[in-house]
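Here is the structure we will look at.
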Amino acid sequence: MDFCSKSIKLYYTIKFNLSRNTEFEMQISFFADNCIKSLEMAATYCEYVDNKGKNTVHQHYHDKEYGFPLINDDQLFGRLVLEINQAGLSWETILKKKEHFFKVFDGFRIEKVARYSEAKKAKLLNDPGIIRNRLKVEAAIYNAGQILIIQKEYGSFLNWLDHHHPLTREEWVKLFKTRFRFTGGEIVNEFLMSTGYLPGAHVETCLIYKKVLKCKPRWATKKGNGKG
């Protein structure tokens, strides 16, 4: 995770949407100052977790999940949905809501989510424990349906990813856009880094880096690093 760029992107998203309202202008300026100071102190996600993220939701995610390969389609789908919901928000917000996301989305079981009714969608949109954004909820349901199609064509979502690996970030984004909704560059990049298809989740000096390598992420395989 490029911690600086992701945080800056979040800041400017908020600033663009709110600073036009004079009621928020001073609050946004104050947030900007603190945001930049924070970024100066932590250039990477690993550094942030090592310094300010200890004993927080960030530490568990960084140490146990981020960059480690996922081999279950439902888990991959769940990660994609969480990344989509992070758009415009902080990752900490998503991590704090993660457990409830899994609960109300039925463990991200693809077949079940793909069959969600209008009543279920309305229930999700009224649940304060998740991100109540209609486009994001509808994207989750639609994308579940698309993965069912992929499973029929390739056997699994995992096989589909492996079949197309390796691609550049730009090629991955184009591919995802042919299949899924709400999959812009940042979302696709984070999804692929977090699941081991693109490098960059951890810096080489991070203690978790070697642990990830032992799990053989796709980016580190011969096919993925151009040595094979």
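The values are calculated or read from the model by the stated rules, or taken from the named source; none is laboratory data. Given the structure is predicted, the values throughout are model-derived calculations rather than measurements. Every residue, glycine among them, receives a Cβ derived from its backbone with ideal geometry; neighbour counts consider all protein chains shown.
State whether one or more residues within the range 120-130 are in contact with a His (Cβ under 6 Å, 6 or more places away or on another chain) and surrounded by fewer than 14 Cβ atoms within 10 Å (Cβ to Cβ). Yes, the range 120-130 contains a residue that is in contact with a His (Cβ under 6 Å, 6 or more places away or on another chain) and surrounded by fewer than 14 Cβ atoms within 10 Å (Cβ to Cβ).
Is it true that L82 is assigned by TED's automatic domain parsing to the domain that holds M193, under 15 Å from the mean Cα position of the chain (by Cα) and closer than 14 Å to I187 by Cβ? Here the answer is yes, as L82 does meet what is asked.
The residue of the range 54-88 that is surrounded by the most Cβ atoms within 10 Å (Cβ to Cβ), among those that are polar (S, T, N, Q) and out of contact with any Ser or Thr (no Cβ under 8 Å at 6 or more places or on another chain), is N85.
A Cβ distance below 7 Å, combined with a sequence gap of six or more or placement on separate chains, defines the contacts here; from the range 106-129, residues that are touching a residue at least 12 places away in the same chain (Cβ under 8 Å) reach residues that are part of a loop (DSSP other than H, G, I, E, B) and surrounded by fewer than 14 Cβ atoms within 10 Å (Cβ to Cβ) in the pairs L125/R132.
Being in a loop (DSSP other than H, G, I, E, B), among the hydroxyl-bearing types (S, T, Y) and surrounded by 17 or more Cβ atoms within 10 Å (Cβ to Cβ): is that true of T183 here? Yes; evaluated as a whole, the condition is true for this residue.
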